[in-house]
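Data block below; observations after.
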Amino acid sequence: MDISKEKLEWIYTTMYRIRRFEETMLEQTLKGNSMGVAHTSDGQEAPPTGICAHLTDKDWIGSTHRGHGHCISKGLETDKMMAEVFGKATGQCGGKGGSMHISDFSKGMLGANGIVGASIPLAVGAALTAKLKGIEHESVGVSFFGDGASSQGVLHESMNLASVWKLPVIFACENNGYAEATPSWYAVSAEDIASRAEGYGMPGIVVDGMDVFAVYDAAGEAIARARAGEGPTFIEMKTYRYHGHFHADDTSKYRKPEEEEFYKKLDAIKHFERTVSKQKLMTEKKMKSIRDSIEQEMLHAVEFALNSPMPDISTLYDDVYVNYSNPIAGLR
Amino acid sequence: MTTSQANNPLGPGYDGVAGSEMRFRDIFRDTLRAEMNRDDDVFLMGEDISGGFDKDTKEPLDAWGGPFAATKGLVQEFGVERIRDAPISEAGFVGAAVGSALTGMRPVVDLMYFDFVTVAFDQLLSNAAKSRYMFGGQTKVPLTLFARSGAGTGHAAQHSESFYSMLAHIPGLKVVVPSDPYSVKGLLAAAIRDDDPVFLVNDKKLINLTGFVPDEDYVIELGKGRYMRRGTDVTLVGMSYTSVVCQKAAEQLAEIGIDAEVIDMMSLSPFDEDILIESVAKTNNVVIVDEDTPRASMSSEFAAIIADKAFDHLDAPVKRVTSPHSPVPYNSALEQAFMPQPADVVGTVKNLLGRE
């Protein structure tokens with residue numbers, strides 16, 4: 001296997017951090033410590049991890065309402081993420097974005113996005129910036145989206161733009177089988193969403209989204225193409241979300257237990273553990289020490305978020321604009 | 001060299017400066033060129049902004065030079081990377097412009113007809129306008145968009161809208177409405193240099209009008225209106241092309257002994273509350289003239305501000321002259337009836353002041 005020891009450790013750490021962040025965040029949300037709606041991505045750890053393993057802070061990613069895994073893969077700190085979900089002043093967006101708008105521009109993270117499909121052209125725009133500045137070799141745009149967004153017109157416009165302008169874009173489709181409660185077999189008119197890439201003149205690749213090594217390999221090739229100025233690639237990763245569409249969604253109303261069990265047998269983290277154990281690439285002791293440190297990190301994140309101050313009410317009026325000459329305050 | 005006319009003031013400080021009479025369309029293009037020369041991060045995107053490519057050489061033909069030939073010649077100067085012809089996909093390329101603005105560029109988007117705003121509306125509302133706020137001030141969106149609005153040219157219902165009120169309603173967006181060559185130079189330059197997303201709404205009826213333009217580099221501060229004409233009897237409030245309508249009405253009113261003051265708002269978000277209040281405090285009567293439809297419009301907003309903050313100065317109710325609550329008709333007689341005309345303004349002022 002052509003992955004360095006450090007990278008393997010990063011992959012395991014990242015996937016486990018995503019898993020435990022989501023589980024911890026969900027637990028805290030159900031306890032009432034979160035201030036709103038949150039969407040979990042546990043089960044879907046392999047796609048963002050396998051892709052972002054190839055990226056640096058100079059590369060940009062666009063994300064979705066189910067964005068925690070993308071944030072973590074791009075290097076965001078779980079303290080500030082948890083605080084944002086809790087609506088605190090110390091959160092990544094000062095408590096004004098919440099789970100659906102976590103972003104970190106210093107890390108090349110263009111923001112989770114609450115409108116399905118809306119972040120896709122943002123990643124295309126980031127890639128356009130790279131092309132205009134002549135830095136494609138070190139700055140690509142990755143757009144994460146799901147099977148639900150694959151039906152949005154803006155994806156198709158973005159694919160066409162990226163292709164005709166030969167931009168360094170990766171269309172990273174996380175097909176978890178469900179758009180909210182609607183199954184993709186009902187809503188998507190193709191067996192593989194990636195087959196649509198052909199119509200836009202770019203490679204379309206289908207990979208097992210529960211296998212981080214498969215994602216890593218496919219993404220590596222696609223990102224190398226993008227950095228070489230050879231244009232966009234579409235990667236569809238078949239994956240599964242373990243929990244509901246949002247924190248209070250009961251999946252038993254629309255998914256069969258057998259199906260959920262089937263995917264849990266394919267679990268991305270267990271698959272990683274089996275693979276590295278079999279190939280003697282990482283010891284169980286090492287993996288346990290990573291897991292233990294993540295458990296500590298989650299305890300810290302919750303404590304940090306709980307103990308953080310609320311935003312000052314005056315921040316309500318901040319940052320609507322860089323500058324604006326009329327009052328922002330409402331009329332009273 | 002010519003100087004501005006006393007009856008057509010450009011704004012404070014611009015009497016007697018060096019400049020020339022220019023067409024609106026020419027100074028619009030010259031300003032785009034100047035801003036692209038000024039800042040390498042500025043680039044232009046839109047449908048047919050050069051228009052046409054040679055199949056063999058792949059070179060741009062500049063056959064259209066942009067909708068209404070607004071950008072003619074720029075592709076030869078700046079090349080196809082910075083004068084970027086876009087496929088017909090407004091949501092896609094406006095979204096890409098937002099992404100590009102978020103990552104360090106200063107894109108300028110030509111949306112062709114103002115009506116096409118709605119095709120890209122989610123990108124404008126959910127990404128351009130909200131990114132700075134929902135990300136807690138981490139970022140900014142230095143994006144400029146422009147498009148042609150307005151009835152009167154036989155473009156019918158889907159190419160003639162003036163619903164800039166829909167954009168002014170959105171926190172995070174700024175909206176400017178030039179009304180002559182002087183204001184389009186200053187507002188376009190200000191929009192491109194501004195760090196917030198700004199939409200410049202360009203009424204088609206202005207494109208071939210001429211007016212005095214100072215040679216010097218200048219910007220018009222966003223949110224400032226100006227007096228186009230001083231008067232004491234009634235305030236006429238115009239925006240975009242209705243500032244021209246108000247000036248024509250003021251000339252007709254002068255013939256019957258009514259001394260009208262004309263305000264050109266120039267910016268709709270932010271907008272100049274002070275100039276409205278200052279003028280109404282002097283004239284005690286106001287008529288707001290708007291080609292946008294009347295419900296939840298800029299005219300209703302200005303009326304509310306005047307009622308709230310200048311109520312004691314009013315001798316009569318705030319009056320509005322607007323288009324009807326209808327789509328824009330095709331037939332030219334219907335279309336002319338749809339648009340606020342100088343005669344409509346004159347009639348409203350005469351009723352307001354109790355003059356026959």
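With the helix formula -39500 (n - 2.57) applied to DSSP H stretches of n ≥ 4, chain A reaches a computed 222 nm mean residue ellipticity of -13000 deg cm²/dmol. Highest-first packing order for the peptide set A:56-66, B:236-246, B:51-61, B:149-159 is B:236-246, A:56-66, B:149-159, B:51-61, based on the mean count of other beta carbon atoms within 10 Å.
Summed over all non-identical Cα pairs, the Kirkwood treatment of the stretch A:19-109 gives a radius of 12.9 Å. With the alpha-carbon atoms of the stretch A:119-176 aligned to their principal axes, the span from lowest to highest coordinate is 34, 19, 14 Å, starting with the largest. Modelled spin-label separation between B:Ala254 and A:Thr275, with each label point placed 7 Å from Cα along the Cα-to-Cβ direction: 8.1 nm. Cut-off 10 angstrom, C-alpha nodes, Gaussian network model of chain B. Which of B:Met105, B:Met166, B:Met45 fluctuates the most? Fluctuation is largest for B:Met166. Computed from the C-beta positions of B:Glu81 and A:Glu258 and an R0 of 60 Å, the FRET efficiency is 0.65 to the nearest 0.05. For chain B, a Kirkwood radius taken over Cα pairs fed into Stokes-Einstein (25 °C, viscosity 0.890 mPa s) yields D = 118 µm²/s. Once the gyration tensor of the Cα atoms in the stretch B:57-142 is diagonalised, the equivalent ellipsoid follows with semi-axes of 27, 15, 10 Å, ordered largest first. If you plug the beta carbon distance of B:Ala281 and A:Ala329 into 1/(1 + (r/R0)^6) with R0 = 35 Å, you get a FRET efficiency near 0.90.
Normalised by 2.2 N^0.38 Å, with N the number of residues, the alpha-carbon radius of gyration of the stretch B:19-214 equals 0.97. Kirkwood hydrodynamic radius computed over the protein assembly as shown comes to 27.1 Å, based on all pairs of distinct alpha carbons.
Here the gap between A:Glu27 and A:Thr56, fully extended at 0.36 nm per residue and compared with their Cα-Cα distance, gives a gain of 7.3 nm. Counting Cβ atoms of other protein chains within 10 Å of each Cβ in A:88-96 and taking the mean gives 2.
Comparing mean-square fluctuations of A:Thr13, A:Thr315, A:Thr129 from a GNM of chain A with C-alpha springs under 10 Å, the top value falls on A:Thr315. When only alpha carbons of the stretch A:253-302 are considered, Rg and Dmax amount to 15.0, 42 Å.
Residue ranges B:204-217, A:162-175 sort as A:162-175, B:204-217 when ordered by packing (mean number of other C-beta atoms within 10 Å per residue, highest first). For peptide B:137-146, what's the mean number of Cβ atoms from other chains within 10 Å of each residue's Cβ? Taking the mean over all residues of the peptide, I get 3.
From the Kirkwood radius over Cα pairs of the stretch B:7-113, Stokes-Einstein at 37 °C and 0.692 mPa s returns a whole-number translational diffusion coefficient of 216 µm²/s. A P(r) calculated from all alpha carbon pairs of the stretch A:71-227, with 5 Å bins opening at zero, reads 2, 9, 16, 19, 20, 17, 10, 5, 1, 0 percent. On the principal axes of its alpha carbon atoms, the stretch B:112-199 extends 45, 29, 18 Å, with the longest extent given first. Both radii come from the Cα set of the stretch A:5-309: Rg as radius of gyration, Rh as Kirkwood radius; their ratio Rg/Rh reads 0.95.
The GNM of chain B, with springs linking C-alpha atoms under 10 angstrom apart, assigns the highest mean-square fluctuation among B:Val345, B:Val318, B:Val141 to B:Val318.
Both radii are taken from the alpha-carbon atoms of the stretch B:124-260; with Rh as the Kirkwood radius, Rg/Rh is 1.03. Simple spin-label estimate for B:Asp54 and B:Thr232 gives 6.7 nm between the two label positions (7 Å along the Cα-to-Cβ direction from each Cα). Take each peptide in A:110-117, B:257-264, count the other Cβ atoms within 10 Å of every residue, and average; sorted highest first, the result is A:110-117, B:257-264. Three principal axis extents of the stretch B:226-352 based on alpha-carbon atoms, in descending order, are 42, 34, 23 Å. Peptide B:81-94 has a mean shielding of 5, counted as Cβ atoms of other protein chains within 10 Å of each residue's Cβ. Diagonalising the gyration tensor over the Cα atoms of the stretch B:248-295 and scaling each eigenvalue by 5 before taking the square root yields semi-axes of 21, 15, 9 Å, largest first.
Each reported figure results from applying straightforward, stated rules to the coordinates on display, with no laboratory input. Computed from a predicted structure; not experimentally measured. In this analysis, Cβ positions are derived from the backbone assuming ideal geometry, glycine residues included, and neighbour counts consider all displayed protein chains.
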